[in-house]
Amino acid sequence: MARRRLLFLAHRIPYPPDKGDKIRAWHMLDHLAETWEVDLGCLVDDPADLAHLPVLEARCATVRHARLTGAARRLRAMAALRPGRPLSLGWFHEPGLYRWVREGLASGRYDAVLAYSSTMAAYVVGAPKGAALVLDMVDVDSEKWRAYAATTEGPMRHVWAREARTLLAFERRAALAFDRTILVSPDEAAHFAALAPGAADRIDWVENGVDLRHFDAALELPSPFEGGRPAIVFTGTMDYRPNVEAVRFFADHVMPRLAGLDPAPVFHVVGANPAPSVRALAARGDVRVTGRVPDVRPYLAHAAVAVAPLGIARGIQNKVLEAMAMARPVVASPQAFEGVRAVAGRDLLVADGAEAMAAAVAAVLRGEHPAMGSVARVAVARGHDWGATLSRLDRILDEAMRKRLPETARVA
C-alpha cells in the first residue's frame, strides 16, 4: 500500500535543530517521515545551513529549497507594502518556491499539507484544494509585533503596529482557509481563538517537546568555563529582539544585585549572531558573550543556574525545556514560564522583575534549592517528551484528512 504524500513547508530550513523554530519543525518533520512520504519546501537564510541538506534529502522524498538574501528580501517586503498586506509575507516570499508549491497542489500530488508558520500559509491560500490543510502557526506572531509597538518609540512604533494589525487580519483569513490551525500550547490556542472567533472550531494545539536523549545531564561533557566563578547561562539566537532585550535587562539590572555574592557569578550569553548591543556587554567584567558554539549542552551542564528573563515571549520556550532536561535549576520570567508543564517553586523558579529575579538566582547560588535540577528533568520528561506531544499531531492530520473538502473547492 502506497504511503500518503505530505507537503511540508517551512520558512527556515529545519536542520540543524539549533534554534526554537527549527527545533519544532525538525521534530515534526522527522516524526511524520516515519509514516508519510514527505516533500519538503523550505527557505534558507543562512548559507551555512546548506551543508545540512543531505540530512533532509535522506529523510524526504523531495527537498526544494530557495535561498533568501537580505537585499532581495527587503525589496520583496517593500514591494508588498500595500494597504492591508503585512511586510512579513513579502519578507518570506520566494517566487520560485511559490510556483513549485502551486504546481504541486494543482497536480493533486498531495494528500495533506503542513504549513509551518503563518508566513508559509501564504504559499497555500488561494490554491485549488484537494489536500487536507494544516497550519502550524506555533505562536500568534501578530501579538509579537503588537508587543514590539508597545515598547518602541519613534517611527518604528507605527511600522510594528501596522504589521500587528495586518498580520492578524491575514492570520484570521488563513485559519479559515485551512482545515486545522495548531499552536504551541492550550493557552496560545485559546488566545488565538479569542482573536479569530470565526475559526475557533478549527483551532488546536501541539506542545513543544525536548529531546531527552540529547539533553541529558548524565552525559560526560567538558566544562567550557574557566576561573571557578559560578556560571549563570542564557541560551538563544542573539540577534532576536526578545533575547537581546532579555540579556541586556539581566546584565543591567540583575547582575549588579548579584555582585556582592562570594564568589560573584559570571553571566554567560550563549548563542549565534550577537547583536552589537549584546557584544558590547562583553566589556563588563561579569559578562561573557560566546557567539555561536558547536554545542550548548556543555554550557548548560556546568551552569550553576540557567535564566530566561524574557519580557516578550510567545508560546513555550525551548531554552527553558532544554535547561530543565539538563537537570539545571532555572529562573524564568512569567512570560518565559508560560506553557511549560511544571510547578513553579518546585521544578523551577519564576520571578517577575529585577529584584525578584536577583533574589531567586541568589537563592540558587546559595544552595537553597539543591534538588531543583533533578526534579526539573522529571517534570519535562513527564510533560514534554516529543513522542507524546507529536502523537497529537498525528491525530490532527488524520482528522483533517477525514474532513477535507472536495478537490473542486477552493481555499477562501
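Each value in this text was obtained by applying a stated rule to the coordinates, not by laboratory testing. Only a predicted model underlies this, so the values are computations on that prediction, with no experimental measurement involved. We place every Cβ from the backbone using ideal geometry, glycine too, and count neighbours over all the protein chains shown.
Below is a table of values for the structure above.
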quantity: Leading residue at positive end of dipole, the chain (Cβ point charges), from Ile396, His11, Pro222; calculated: His11
quantity: Estimated Rh, segment 1-72: Kirkwood, alpha-carbon pairs, angstrom; calculated: 12.4 Å
quantity: Alpha carbon centroid spacing (whole Å) that separates segment 1-56 from segment 332-386; calculated: 31 Å
quantity: Formal net charge of residues neighbouring Gly383 (Cβ-Cβ distance under 9 Å; K, R +1; D, E -1); calculated: 0
quantity: Simple Cβ-charge dipole of the chain, Lys/Arg +1 and Asp/Glu -1, about Cα centre, in debye nearest 20; calculated: 1160 debye
quantity: Translational diffusion coefficient (Stokes-Einstein; Kirkwood radius from C-alpha pairs) of segment 231-383 at 10 °C, 1.306 mPa s, in µm²/s; calculated: 106 µm²/s
quantity: Inter-site label distance for Arg402 and Arg292 at 7 Å from Cα along Cβ, in nm; calculated: 4.5 nm
quantity: Most positive-pole-ward Cα, Leu105, His31, Gly373, against dipole of the chain from beta carbon charges; calculated: Leu105
quantity: Low-density loop cleavage sites - GluC sites (Glu not before Pro) in segment 16-62, where at most 12 other Cβ are within 10 Å (DSSP); calculated: Glu34
quantity: Inter-centroid distance (Cα atoms) of segment 143-204 relative to segment 251-274, Å; calculated: 34 Å
quantity: Selection from Gly387, Gly209, Thr119 lying farthest towards where the dipole of the chain points positive, charges on Cβ; calculated: Thr119
quantity: Extension reserve of the Asp45-Thr69 stretch, reckoned as 0.36 nm per residue once the Cα distance is removed; calculated: 8.0 nm
quantity: Count of lysine pairs in the chain with Cα separation under 21 Å (8 or more residues apart, or interchain); calculated: 6
quantity: Principal axis dimensions, the chain - Cα atoms, whole angstrom, descending; calculated: 71, 52, 41
quantity: Thr151-Arg241 pseudo-label distance in nm [points 7 Å out on the Cα-to-Cβ vector]; calculated: 0.9 nm
